[in-house]
Amino acid sequence: MARTVRKISHLRYIAIAMPNFEEERTFFTAHWGLTEVHSQDGLSYLGLENSKEPFQVRLRKGEKRIDLIGFGSDSKQDVDALFAELVAKGVQIVHEPKDLTQYSGGYGFRIFDIDGRTIEVSTGVELKASREVLEREPIPLKLSHVVINTNKLAATTDWYIEHLEFAISDTLTHPAMGHMMNLMRCNPAHHSLAIAQGPHPSLHHISFEMRGVEEWMRGTGKILRSGARMVWGPGRHNAGDNTFAYFIDPAGNTVEYTTELHQIEDEEAWTPSKFDITQVSNADQWGTANPMSEFVARESFNDVDKGLFVAPPV
């Protein structure tokens, strides 16, 4: 069985900024199920109990934006080799490979992607202790995937394929509007990143993996009782075969609980499919969620990202 080898191994974390920092931190720690592992200088580093990653979400008080999306690599050699390739391809550099000074350390570099988002690739971070999430415990295991909006879907997708070695797993389409989203992988997980067509570059949603369907349903109920608004779900997608329940967090970002995301064990044998999102069984195999509509789609357009081609302060 073929296993594709890449210089990027996995999605490590997402860093976001928002004016209502304390409200956002309370939502993620008191309700969503993350644990603050470190705080410093207006930053909150949030980890997940089951994950050895030092943190998977970083919050910062400031103008609303994506600060960066962080990916992991298996070695310094892979970090250096990927950086050399990106320099040769003319990518705009934020900083070259070096020892990182933020919490958990590591070694890595930062660049801007084609839309101007800051991307970090790192290795050698200081891992934290973890524990098994218990049966029926309604907290997430790990950061599952990040979805970004762009106003140039084809070009942004090609950039991630050509520069960071991502591959398309499946594509969501609309009969009148064409390709709407590409679900992309950097390892056997069906998607760690997805790129959606929207009116502007922005954060579409952040997704967190639950232990199983029981824990996912209990978590969904827990968040509903917290007063957060569920915009779509509960249901089960066709592409990726994962469950979904989407909520709006205090900063106005869409966050998702999911589980049972498909694992592509033989990438060389995988053929991407195109799923027409106007077909109910493609959007939601179970038919339990509210219908996908223009209103639901607009919720994830989000505000224009104010961080494009502006490196975060940390």
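Express in % the proportion of alpha carbon pairs of region 1-145 at distances exceeding 19 Å. Result for the distance tail: 55 percent.
Between residue 92 and residue 40, the modelled labels are 2.8 nm apart [label points 7 Å from Cα along Cα→Cβ]. Taken along its principal axes, the alpha carbon cloud of region 178-244 reaches lengths of 35, 29, 18 Å, longest axis first. Applied to region 180-188, the Karplus parametrisation 6.51 cos²θ - 1.76 cosθ + 1.60 on θ = phi - 60° returns per-residue 3J(HN,Hα) values of 10, 7, 10, 9, 10, 10, 10, 6, x Hz, with x for Gly and Pro.
The alpha-carbon atoms of region 35-104 define a convex hull whose volume equals 116 cubic angstrom per residue. Over region 209-251, the Kirkwood radius and the radius of gyration, each from Cα atoms, give a ratio Rg/Rh of 0.97. Using a ≥ b ≥ c from the Cα gyration tensor of region 104-182 (square roots of the eigenvalues), is it rounded, prolate or oblate, where a/c under 1.5 gives rounded and otherwise the larger of a/b and b/c decides, a/b for prolate? Cα axes put region 104-182 in the oblate bin.
If you count Lys pairs in region 1-147 whose Cα atoms are under 30 Å apart, skipping same-chain pairs closer than 8 places in sequence, the total is 26.
For region 11-17, 3J(HN,Hα) computed residue by residue from phi via the Karplus equation (6.51, -1.76, 1.60; θ = phi - 60°) reads 6, 9, 6, 10, 10, 10, 10 Hz, glycine and proline entered as x.
What the Cβ-Cβ distance of residue 224 and residue 294 gives, at R0 = 35 Å and to the nearest 0.05, is a FRET efficiency of 0.90. Global size of region 229-314: 15.8, 44 Å for Rg and Dmax (C-alpha atoms, Rg to one decimal, Dmax whole).
Computed over protein heavy atoms with a 1.4 Å probe, the carbon and sulfur contribution to the accessible area of the chain reaches 52%. Assuming a ≥ b ≥ c are the square roots of the Cα gyration tensor eigenvalues, decide whether region 105-250 counts as rounded (a/c under 1.5), prolate (otherwise, with a/b larger than b/c) or oblate. Taking the square roots of the gyration eigenvalues as a ≥ b ≥ c, region 105-250 is oblate. Ligands, DNA and RNA are left out, and with a 1.4 angstrom probe the accessible area of region 1-149 is 41 Å² per residue. Region 150-180 and region 44-119 have Cα centres separated by 22 Å. Taking the three principal axes of the alpha carbon atoms in the chain, the coordinate ranges are 49, 40, 40 Å, sorted in descending order. Kirkwood-type hydrodynamic radius, region 169-314: 16.2 Å, calculated from all non-identical alpha-carbon pairs.
The values are calculated or read from the model by the stated rules, or taken from the named source; none is laboratory data. Predicted, not measured: the structure shown is a model, and the values here were computed from it. Glycine gets a Cβ as well: all are built from the backbone with ideal geometry, and neighbour counts include every protein chain shown. Just so you know, the surface numbers come from the protein's heavy atoms only, side chains and all, with ligands and any DNA or RNA stripped out. Shrake-Rupley method; radii C 1.70, N 1.55, O 1.52, S 1.80 Å.
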